[in-house]
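Every number here is computed from the coordinates shown, using simple stated rules; none is lab data. Given the structure is predicted, the values throughout are model-derived calculations rather than measurements. Please note: Cβ atoms are built from the backbone with ideal geometry, for glycine as well, and neighbour counts cover all protein chains shown.
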């Protein structure tokens, strides 16, 4: 009886050891409040208040030991209302003056035109496990710097949030478009004293996964967008009116770059290569105050922000007689004017990656008219001949020879297939970069005396996500093996992920591409 009891206890302990533990958060936001205010004189204030309790050394030393605030001191002021740490025993450690370190934002490091920007690094002191960081600050913008109040705030953080509040206040007579993306919370709208305030309050916001890609197009994170632009077209005018045409320097450069080209395609390729070769300044539109430099200055400085390089490429192509325009990528919204410039995720002339996901975003030209992009084909149809002889392949024990079926180096199995099935389950949506359609036909020529020992077997897996198939046809001295992969769902939910995982497990199974003779 004692032995039975011992075995039961041992089994229970082992089960606890191997059972997957519930993910423990590195930290938790007790509250995260963000307030945006547009005053009647055109000045703006963004205020952030956060309380963050640390649970792990990773949270203390890597994730949350510092806070970063980027601003432009020429037009904006930074005010720290409160900054301190409450230790586990209740002791208060105020952030000392020397823990407020002003540096150049890393994105502006190689961009002299933007070296006026500052990044305040708040080094949180007195940290220990169980300590809570308190930080309350405002960035106050003087009138005339920002064209309108323009908000795009992703809600989820890497740690859970017990109380999330975002409010937007504008003069009552200003237009205000707003929307919560990928969420259902309804804002409270109040008007008092000539000010309209819209407030979202969310409780117990779960963290976004740290090791999985998430995005608004995939629908696996929430965001709040708000804008006082009258329309999306009015917002884009802020950018469009900064574009230049008929610039002599651009025309001369375009002529030099395309001097040895014949066709429009060659010209486009040459001009694109030149612009891509310029340095990249990673500052966002909002960080540059929605401003861009003249294209001539971009040419002379040999670097540019995303929008500056897009404007230059369009100008070069137009100067070469090629129709080209800058396009913008917005999140999809029910109110077409809800998303302002802060919500723009990409500004470009041509981008195949955007074309592949255009069903999940809103692509418009600079007049806010919808644009349908011409996509590239992802169909792969490859036929190879594999000759099986006593001298070819890899020698194994007992006289066997091993051969592997060829596959396209840029096929789905090369990277996308493997990178998207790291885990057997997935808690959030998966948006595939594109839908693969691949067929590999291999004609295996078998020399006299070579007898197949291991071959792929006929197989077909068809589910709501796609199809994987293998067919094997044998003849006297020839074997024809056809492998196919065709996916039909680009956005895969957690419920559909097992079906996708099953397809990928079969497609990536190296045993299915190995032949033994």
Principal-axis tilt of helix 248-257 within the chain, Cα atoms, nearest 10 degrees:
10 degrees
Hey, any idea what the orientation-averaged projected area of the convex hull of the chain's Cα atoms comes to, in nm²?
36.6 nm²
To the nearest 10 degrees, how steep is helix 306-319 against the longest Cα principal axis of the chain, on a 0 to 90 scale?
80 degrees
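Apply 1/(1 + (r/R0)^6) to the Cβ-Cβ distance of residue 109 and residue 467, taking R0 = 41 Å, and write down the FRET efficiency to the nearest 0.05.
Working: r = 49 Å, r/R0 = 1.18.
Efficiency, from the Cβ-Cβ distance: 0.25.
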What ranking of 62, 241, 47 emerges when the number of other C-beta atoms within 10 Å of each C-beta is taken as an exposure proxy, fewest first?
241, 62, 47
For segment 376-517, the spread of Cα positions along each principal axis, largest first, Å:
53, 32, 23
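Tell me, what are the semi-axes, in whole angstrom and largest first, of the equivalent ellipsoid of segment 27-228 as set by the roots of 5 times the Cα gyration tensor eigenvalues? If you can, show how the numbers build up before the last one.
Details: eigenvalues 153, 103, 62 Å².
Whole-Å semi-axes of the equivalent ellipsoid: 28, 23, 18.
Quote the relative contact order of segment 27-228 in percent (integer), defining contacts as alpha-carbon pairs under 8 Å separated by 6+ residues. Can you show the working numbers first?
On the way: 467 pairs, mean separation 53.6, N = 202.
Relative contact order of segment 27-228: 27 percent.
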Helix axis angle, 497-507 relative to the chain longest principal axis, alpha carbon, degrees
40 degrees
Take the alpha carbon atoms of segment 137-183, find their center, do the same for segment 74-113, and report the distance between the two centers in whole angstrom.
21 Å
Modelled label-to-label distance, residue 334 and residue 190, 7 Å Cα→beta-carbon offset: nm?
2.4 nm
What 222 nm value per residue comes from the helices of the chain, counting each DSSP H run with n ≥ 4 as -39,500 (n - 2.57) and dividing by all residues, nearest 500 deg cm²/dmol?
-5000 deg cm²/dmol
What is the distance in Å between the Cα centres of segment 357-384 and segment 255-294?
21 Å
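Subtracting the Cα-Cα distance from 0.36 nm times the residue separation, let me have the gained length for residue 345 to residue 296 in nm, one decimal.
Working: separation 49, 0.36 × 49 = 17.64 nm, distance 2.49 nm.
So the chain would gain 15.1 nm between residue 345 and residue 296.
So how much slack lies between residue 384 and residue 248, counting 0.36 nm per residue of separation and subtracting their Cα-Cα distance, in nm?
Details: separation 136, 0.36 × 136 = 48.96 nm, distance 5.25 nm.
Extra length available between residue 384 and residue 248 comes to 43.7 nm.
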Using a Förster radius of 35 Å, what is the FRET efficiency between residue 172 and residue 355 based on their Cβ-Cβ separation? Nearest 0.05, please.
0.25
What ranking do 211, 366, 504 get, fewest neighbouring Cβ atoms within 10 angstrom at the top?
211, 366, 504
Roughly what percent of Cα-Cα pairs across segment 238-365 reach past 19 Å?
49 percent
Least to most buried among 345, 320 (fewest other Cβ within 10 Å first):
345, 320
